[in-house]
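Chemist: Before anything else, here's the structure in question.
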Amino acid sequence: MTLYQYYTDGGISEGLSTNQPHFTLNRKNITLYSGAVHYFRVPPQYWRDRLRKLRAAGLNAVETYVPWNLHEPEIGTFDFGKGSSDFSQFLDIEKFLRIAQEEDLFAIVRPGPYICAEWDFGGLPSWLLRSNVKIRTSDSLFMEAVTKYFGALLQILVPLQFTKGGSVIAVQIENEYGNTKSVDTGYLEGLKEILERSGIVEVLFTSDTPSNGWSGTLPGVLATANFQEKAKHELGLLKEFQPDKPLMVMEYWTGWFDHWTDKHHTRSADAFGQVLDEILEFGASVNFYMFHGGTNWGFPNGANVEYASGDYSKYRPDTTSYDYDAPLSEAGDYTDKYHKVKELVLKHNKVVTRLPELPQLSDKTAYPDVQVTEMLTLDDLIRQSTIQIDSKLVSMEFLDINNASGQSYGYVVYRHENTNIPANSVLKIEGYVCDTVTVLVNGELKSKILKTQADLDDFGYWKVKDSSLQLGTQEYKSATLDLVVENSGRNNYGKLDQFNQYKGLWQGNVLINDQVLDTWKVIPLEFKKKWTESLQNWRPASENVGPALYKATFEVDDPVDTFIDMRKWTKGFVVVNGFVLSRYMKLGPQQTAFLPGPFLKKGLNSILVFEHFVPTMVVQFSKEHIFETLA
């Protein structure tokens, strides 16, 4: 008997119930064994594979966040899989949830509007930063934007609820709101009202770490717990706070994510299993965060920042890899933790239903080395930019582009023309750079080449306030000065004042020898697929020093999964067939970029590499992920 047959036999009269100290579903007892899989971090061609592997481990539910910033990339423009954005193929949440049901899984949906998720701006769209909106509060401007977004999203989710014949058994109100240390219950009540008014009838819940307190909860709404250790302590606090309700660990952290320059986070299967056994012995339901982490494709990775009074030096951007040391690896492979989950769920689960056989793993290969053959310099790219704005120094969010939604991701170039630069001049940038800057004069790199972690403490990076750069002994007349600024990812976690992040140069003036430079030309480089694939006038490749885009092409007979090995490059990002695949930085820990077979095509494929500093003339591949951190 399948899961759905067991819980819907005789018809559906009731959804998930929390009216007693244990869950029931359709009036039958159920312990939830759930795993987080984010549809937007997995190639849609692999959704069924990942979900079937989750079910094969004995789990009965899948949990996913919903990223507002992908689903409404421009104000009022919604994309749920049929839009024109580069991410559109990942965004058909209805299809994902229907596949989950076909794979005999229930679904837990966490729509936000804030999701954290180690995702840019916690899933909030960056265009919110263009106005004086108080995010994650009952501020009328914020709630108006949320209401419009939820109006588009919930008309998809409402028919997919369990009591309407679908897979969705529970929906979250916001996410870890207690971590903001703000008490705006009107905000949480407002979200609850929107969900219920729109037709959400399944269980609503909040999630926080119990030892952090209960400011993120609402009366009458199920509170759930997030943690990695001290299960008995955290669940004891939850039971004390909510004695007559079911216990649920909404996030049992299976591993952890990586920032650039971290040592790759790992956690033994035994340590993981010990805490899991404590959770299940306590009688709690559990959701594994993450069960399969996947990938932060393109530029929307998140970051962490700890600052006070505008100190930005503690900013730490996340890697593209979201492997998370989870039970299923980034490439969908089984790990020791996967088998530990299967073992312990089998031990504790009292409702045994039919499980699929373990799916076969995907083939992986290391394609032969591919030579870089062509390139475009930064100046070549700027000449082909369709947007060049005469402006003062301004953050990318305030650029009047993308239907008045500003620039969300990528790079922005601040160009000052006809610049007289005496010998031994000093360039100064007031405030902090958000997040990295590369300086060129007449196309010649003036910034220091990144070699060690210590270089991140110097000019060119987020850690230094009011930073200065020596421009050398040469004199320049009527020169072109380019400041190339990268958005490395917006903060996704913390107190509310830590979310007001703008990207680019906006905190003060740029000066040469203490003379303020004005009359800037601002050029957004978003590297959207349509623009990238339109680039022309490629020149023969050479080992240029400084920002440039390099091109390699290769033939594929049978596209399969692989990893691009970036250890011989320095810093930048990789584009495959027009889609921004991954960032890279030689300092690690991520040294390879996961390239799924579905992103390749039979025949000719292109790889572009945007390198900040020093390239190599070859693109190499690996059969496996490589994690290595350089000092």
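Chemist: Which one of these does Ala308 not meet: (1) at pLDDT below 95; (2) in contact with a Gly (Cβ under 7 Å, 6 or more places away or on another chain)?
Modeler: Unmet for Ala308, out of (1) at pLDDT below 95; (2) in contact with a Gly (Cβ under 7 Å, 6 or more places away or on another chain): (2).
Chemist: Next question. List pairs: first residue in region 316-329 and within 14 Å of Trp253 (Cα to Cα), second residue among the basic types (Lys, Arg) and assigned to a loop (DSSP other than H, G, I, E, B) anywhere in the structure, Cβ distance under 9 angstrom, at least six positions apart or on different chains.
Modeler: Asp325/Arg267
Okay, residues lined up against (1) free of Cβ contacts under 8 Å to residues at least 24 places away in the same chain; (2) buried (at least 17 other Cβ atoms within 10 Å of the Cβ):
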residue	(1), (2)
Gly220	yes, no
Ala223	yes, yes
Asn226	no, yes
Ala231	no, yes
Leu238	no, yes
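Chemist: If you scan region 341-380, which residues turn out to be touching a Pro at 6+ places or on another chain (Cβ under 8 Å), crowded, with 18+ Cβ neighbours inside 10 Å and within 30 Å of Leu445 (Cβ to Cβ)?
Modeler: Val372, Met375, Leu378
Chemist: Let me ask another. If you go through region 393-423, how many residues are in contact with an Asp or Glu (Cβ under 7 Å, 6 or more places away or on another chain), assigned to a loop (DSSP other than H, G, I, E, B) and surrounded by fewer than 21 Cβ atoms within 10 Å (Cβ to Cβ)?
Modeler: Of the residues in that region, 5 qualify.
Chemist: What's the number of the only condition in (1) more than 23 Å from Met566 (Cα to Cα); (2) of a type in the set (A, V, I, L, M, F, W, C); (3) part of a loop (DSSP other than H, G, I, E, B); (4) under 29 Å from the mean Cα position of the chain (by Cα) that Ile449 fails to meet?
Modeler: Among (1) more than 23 Å from Met566 (Cα to Cα); (2) of a type in the set (A, V, I, L, M, F, W, C); (3) part of a loop (DSSP other than H, G, I, E, B); (4) under 29 Å from the mean Cα position of the chain (by Cα), the lone unmet condition for Ile449 is (1).
Yes/no matrix, rows are residues, columns are (1) touching a residue at least 12 places away in the same chain (Cβ under 8 Å); (2) more than 19 Å from Leu525 (Cβ to Cβ); (3) within 26 Å of the chain's Cα centre (by Cα):
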site: Thr386; (1), (2), (3): yes, no, no
site: Leu393; (1), (2), (3): yes, no, no
site: Tyr411; (1), (2), (3): yes, no, yes
site: Asn418; (1), (2), (3): yes, yes, no
site: Val426; (1), (2), (3): yes, yes, no
site: Asp458; (1), (2), (3): no, yes, no
site: Val464; (1), (2), (3): yes, yes, yes
site: Ser478; (1), (2), (3): yes, yes, no
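Chemist: Does any residue of region 110-125 turn out to be modelled with pLDDT of 95 or more, in contact with a strand residue (DSSP E or B) (Cβ under 7 Å, 6 or more places away or on another chain), among the basic types (Lys, Arg) and closer than 24 Å to Gln5 by Cβ?
Modeler: no
Chemist: Out of all the residues in region 252-259, is one or more touching a helix residue (DSSP H, G or I) at 6+ places or on another chain (Cβ under 7 Å) and free of Cβ contacts under 8 Å to residues at least 40 places away in the same chain?
Modeler: Within region 252-259 (the criterion being touching a helix residue (DSSP H, G or I) at 6+ places or on another chain (Cβ under 7 Å) and free of Cβ contacts under 8 Å to residues at least 40 places away in the same chain), the answer is yes, since at least one residue qualifies.
Chemist: Quickly run through region 591-612 and pick out the residues that are touching a residue at least 40 places away in the same chain (Cβ under 8 Å) and either on the phi > 0 side of the Ramachandran plot or of a type in the set (A, V, I, L, M, F, W, C) (or both).
Modeler: Ala593, Phe594, Phe599, Leu600, Gly603, Leu604, Ile607, Leu608, Val609, Phe610
Chemist: State whether one or more residues within region 110-119 are touching a Lys or Arg at 6+ places or on another chain (Cβ under 6 Å), touching a residue at least 12 places away in the same chain (Cβ under 8 Å), closer than 15 Å to Leu496 by Cα and surrounded by 20 or more Cβ atoms within 10 Å (Cβ to Cβ).
Modeler: Yes, region 110-119 contains at least one residue that is touching a Lys or Arg at 6+ places or on another chain (Cβ under 6 Å), touching a residue at least 12 places away in the same chain (Cβ under 8 Å), closer than 15 Å to Leu496 by Cα and surrounded by 20 or more Cβ atoms within 10 Å (Cβ to Cβ).
Chemist: Mind checking which residues of region 576-631 are small (Gly, Ala, Ser) and part of a helix (DSSP H, G or I)? Steps first, answer last, please.
Modeler: Initially, region 576-631 is screened for residues small (Gly, Ala, Ser), giving 578, 582, 588, 593, 597, 603, 606, 622, 631.
Residue satisfying the conditions is Gly597 alone.
Chemist: Please identify the pairs in which a residue from region 545-565 that is in the same structural domain as Gly332 (by TED's automatic domain parsing) has its Cβ atom under 9 Å from the Cβ atom of a residue that is crowded, with 22+ Cβ neighbours inside 10 Å, counting only partners at least 6 apart or on another chain.
Modeler: The qualifying pairs do not exist here.
Rundown of residues vs (1) touching a residue at least 12 places away in the same chain (Cβ under 8 Å); (2) out of contact with any helix residue (DSSP H, G or I) (no Cβ under 9 Å at 6 or more places or on another chain); (3) of a type in the set (A, V, I, L, M, F, W, C); (4) surrounded by fewer than 20 Cβ atoms within 10 Å (Cβ to Cβ), yes/no style:
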{"site": "Gln453", "(1), (2), (3), (4)": "yes, yes, no, yes"}
{"site": "Leu481", "(1), (2), (3), (4)": "yes, yes, yes, no"}
{"site": "Glu486", "(1), (2), (3), (4)": "yes, yes, no, no"}
{"site": "Arg490", "(1), (2), (3), (4)": "yes, no, no, no"}
{"site": "Gln507", "(1), (2), (3), (4)": "yes, yes, no, yes"}
{"site": "Pro524", "(1), (2), (3), (4)": "yes, no, no, no"}
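Chemist: Sort out for me the helices (runs of 4 or more DSSP H) sitting completely within region 1-81 that have 1 or more residues that are among the hydroxyl-bearing types (Ser, Thr, Tyr). Outline the logic, then answer.
Modeler: On the way: elements: 3-8, 47-56, 68-71.
Where helices (runs of 4 or more DSSP H) fall fully within region 1-81 and carry at least 1 residues being among the hydroxyl-bearing types (Ser, Thr, Tyr), they are 3-8.
Chemist: Within region 539-571, count every residue that is part of a strand (DSSP E or B) and at pLDDT below 95.
Modeler: 0
Chemist: Specify the residue that is modelled with the lowest pLDDT; the eligible residues are those in region 171-202 that are within 17 Å of Tyr65 (Cβ to Cβ) and not in a loop (DSSP other than H, G, I, E, B).
Modeler: Asn179
Chemist: Going through region 240-271 one residue at a time, which ones are over 22 Å from Gln590 (Cα atoms) and surrounded by fewer than 18 Cβ atoms within 10 Å (Cβ to Cβ)?
Modeler: Glu240, Phe241, Pro243, Asp244, Asp270, Ala271
The values are calculated or read from the model by the stated rules, or taken from the named source; none is laboratory data. None of the values given here were measured: they were computed from a predicted structure. Neighbour counts are summed over all protein chains in view; Cβ atoms, including those assigned to glycine, are modelled from backbone coordinates with ideal geometry.
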